[in-house]
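K.L.:
Sharing a structure below in structure tokens format, with a few things to ask.
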Amino acid sequence: MTDQSSKTPPKPASGGQAMWGGRFSAKPADLMQAINVSIGFDRRLAAQDLAGSRAHAAMLAATGIISSADEGEIQRGLGLIEAEMAGGSFPYRDEFEDIHMNVEARLRELIGPAAGRLHTARSRNDQVALDFRLWVRDACDRTAAQIEALQKALLARAEQHADTLMPGFTHLQSAQPVTFGHHLMAYVEMFGRDAGRFRDARKRMNESPLGAAALAGSSFPIDRQATAQALGFDGPTHNSLDSVAARDFALEALAAAAICAVHLSRLAEEIVLWMTPQFGFIRLTDAFTTGSSIMPQKKNPDAAELTRAKAGRVLGALTSLMVVMKGLPMTYSKDMQEDKVPTFEAFDSLELGVLAMTGMIGDLEPRADRMAAAAGAGFATATDLADWLVRTLDIPFRDAHHLTGAAVKRAEQLGVDLAELSLAEMQALDPRITESVYSVLTPAASAASRTSYGGTAPTEVRRQIARWKEILQ
């Protein structure tokens, strides 16, 4: 008996038939369908998928691989699909698994057989690598811009408070007086490096994998330079295996996101501390705080707390994708479908955190009196006394350190601050000490004296503010 199956052409993919159904005769089990389908989350790649398909179709026509008439129909159909997506009427269907097959199936319904030519010289492997790379590139651009907006908010606050005294801390213990402006400028520096990491990651990922096909390239005379240029890439990737296997572009972006989230969390933690009655350094309005269901006096810094918590999501996303990728051989494995959810969630969380922090910085009201009172606590000007002894009495610093420690001990015994020790008490430590020592023992004098480049002196703070204004202009 003659096997007729090879003579029966496969039916077009429509009415729920899988796009790869020519090889398979049985419908996937429901459980397999549930674990395999990704349209529930990769629909977020729709804009990127359409852009890649437009560039690919144009290249196929330009190289003579498909006719200009077919390309015109494909471009028309893609425009219709884009309009459906914008209007919320596009029929996303689980039976087509992912965004790529959903678009292709709908294209066939809209324009007929010409749709089948779009996938010439292309695989879902290079297609998803392209779409995901485009999405991550967009996310890096968007996040860098949002970080710069946060930096500008910090700059504005720092300029207002370049002279506002506050305690500087090490080990969360009062260390030396600084200014609030200087403290905020530390975060401007941190976030500046974060924005730089996103820009660096973008530069490295800006190569197009389209044209690598399944893994080995294509036998068609495609023009990868043309599609790369059309999609804003610097050029095509250089190895077809690496093109579909690599997800380090997403890992690098997630690493940048994780570091940024840590910086956000540190600033959020400080806002939480500063809001406590024990610190009382700042106030936040009702816009970024909540009350208690039982304690009417409470004003909770929930926006800061949630920003702090969302750092955990971003850190988890980086770990999740590294674990997915660590054991995969070349080139594409279905495991890599799990790259998108953590990346989407990480950038969603980071965006919320950056925007919330930008809002809080603009909203917070420093309580200069509380900050100034705390700036001199804990013998914060002890180093200034040691420096004075070195400069004025020509004492080696280690000896001055020892004498200052003795002065702190005596002040503790008397229950006073260093500036409140009498001259007699000071001269009991070293008779050469004069009245002029008191000029360095106030928090304001201490901060003003730190004029080394990058120091907390208000003049230096304003220098750094001016530098960053120019950078961010």
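K.L.:
Which one of S67, S53 is under 31 Å from the mean Cα position of the chain (by Cα) and not β-branched (V, I, T)?
P.N.:
S53
K.L.:
Taking Y187 as meeting all but one of (1) closer than 18 Å to I471 by Cα; (2) in contact with a strand residue (DSSP E or B) (Cβ under 6 Å, 6 or more places away or on another chain); (3) of a type in the set (S, T, Y), write down the number of the exception.
P.N.:
(2)
K.L.:
In this structure, does V390 turn out to be of a type in the set (V, I, T), open to solvent by 40 Å² or more (accessible area, probe 1.4 Å), modelled with pLDDT of 90 or more and out of contact with any Cys (no Cβ under 6 Å at 6 or more places or on another chain)? Spell out the reasoning first.
P.N.:
Numbers: of a type in the set (V, I, T): yes; open to solvent by 40 Å² or more (accessible area, probe 1.4 Å): yes; modelled with pLDDT of 90 or more: yes; out of contact with any Cys (no Cβ under 6 Å at 6 or more places or on another chain): yes.
In short, yes.
K.L.:
Here is a further query. Which condition does A372 not pass, out of (1) modelled with pLDDT of 95 or more; (2) open to solvent by 30 Å² or more (accessible area, probe 1.4 Å), if it passes all the others?
P.N.:
(1)
K.L.:
Write out, first by first residue and then by second, each pair whose Cβ atoms fall under 6 Å of each other, whose residues are 6+ apart or on separate chains, and whose first residue, in the range 379-396, is within 9 Å of V440 (Cβ to Cβ) while the second is hydrophobic (A, V, I, L, M, F, W, C).
P.N.:
Short answer, once both residue conditions are applied: T381/L418; T381/L441; D384/V440; W388/V437; W388/V440.
K.L.:
What are the pairs with Cβ atoms under 6 angstrom where one residue, in the range 125-139, is farther than 10 Å from V244 by Cβ and the other, located anywhere, is of a type in the set (D, E, K, R)? Sequence gap at least six, or different chains.
P.N.:
Every condition considered, the pairs that remain are D131/D49; R137/R202.
K.L.:
Right, next: Quick check, is R462 without any contact (Cβ under 8 Å) to a residue 40 or more places away in the chain, under 35 Å from the mean Cα position of the chain (by Cα) and assigned to a helix (DSSP H, G or I)?
P.N.:
Taking the combined requirement at face value, the residue does not satisfy it.
K.L.:
Which ones in the range 84-131 are in a helix (DSSP H, G or I), closer than 25 Å to A228 by Cβ and among the acidic types (D, E)?
P.N.:
E104, D126, D131
Residues are listed down the side, and each one gets a yes or a no for (1) farther than 14 Å from A386 by Cα; (2) open to solvent by 60 Å² or more (accessible area, probe 1.4 Å); (3) part of a helix (DSSP H, G or I):
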| site | (1), (2), (3) |
| --- | --- |
| E412 | yes, yes, yes |
| A419 | no, no, yes |
| E425 | yes, no, yes |
| A447 | yes, no, yes |
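K.L.:
S452: under 33 Å from the mean Cα position of the chain (by Cα) and either over 17 Å from A158 (Cβ atoms) or outside any helix (DSSP H, G or I) (or both), yes or no?
P.N.:
Considered against the rule, which asks whether it is under 33 Å from the mean Cα position of the chain (by Cα) and either over 17 Å from A158 (Cβ atoms) or outside any helix (DSSP H, G or I) (or both), S452 comes out as yes.
K.L.:
Which count do you get for residues in the range 289-345 that are among the β-branched types (V, I, T), in a helix (DSSP H, G or I) and open to solvent by 50 Å² or more (accessible area, probe 1.4 Å)?
P.N.:
Of the range 289-345, the ones among the β-branched types (V, I, T) are 289-290, 294, 307, 314, 319, 323-324, 331, 341, 343.
Now narrow it down to the ones that are in a helix (DSSP H, G or I): 307, 314, 319, 323-324, 341, 343.
Right, trim to open to solvent by 50 Å² or more (accessible area, probe 1.4 Å) and you get 319, 323.
Residues in the range 289-345 being among the β-branched types (V, I, T), in a helix (DSSP H, G or I) and open to solvent by 50 Å² or more (accessible area, probe 1.4 Å): 2 in total.
K.L.:
Could you list, in sequence order, all residues of the range 37-74 that are part of a helix (DSSP H, G or I), polar (S, T, N, Q) and either surrounded by 16 or more Cβ atoms within 10 Å (Cβ to Cβ) or touching an Asp or Glu at 6+ places or on another chain (Cβ under 6 Å) (or both)?
P.N.:
Taking the range 37-74 as the starting set, the residues that turn out to be part of a helix (DSSP H, G or I) are 39-62, 68-74.
In the following step, the residues that additionally are polar (S, T, N, Q) were identified as 48, 53, 68.
Residues satisfying the conditions are Q48, S53.
K.L.:
Tell me the helices (runs of 4 or more DSSP H) entirely within the range 178-266 that contain at least 1 residues that are open to solvent by 60 Å² or more (accessible area, probe 1.4 Å) and hydrophobic (A, V, I, L, M, F, W, C).
P.N.:
224-230, 240-245
The values are calculated or read from the model by the stated rules, or taken from the named source; none is laboratory data. Here the structure is a predicted model, which is why all the values come from computation and not from measurement. Positions of Cβ are generated from backbone atoms using ideal geometry, with glycine treated the same way; all protein chains shown enter the neighbour counts. Note: areas computed on protein heavy atoms with side chains; ligands, DNA, RNA excluded. Shrake-Rupley method; radii C 1.70, N 1.55, O 1.52, S 1.80 Å.
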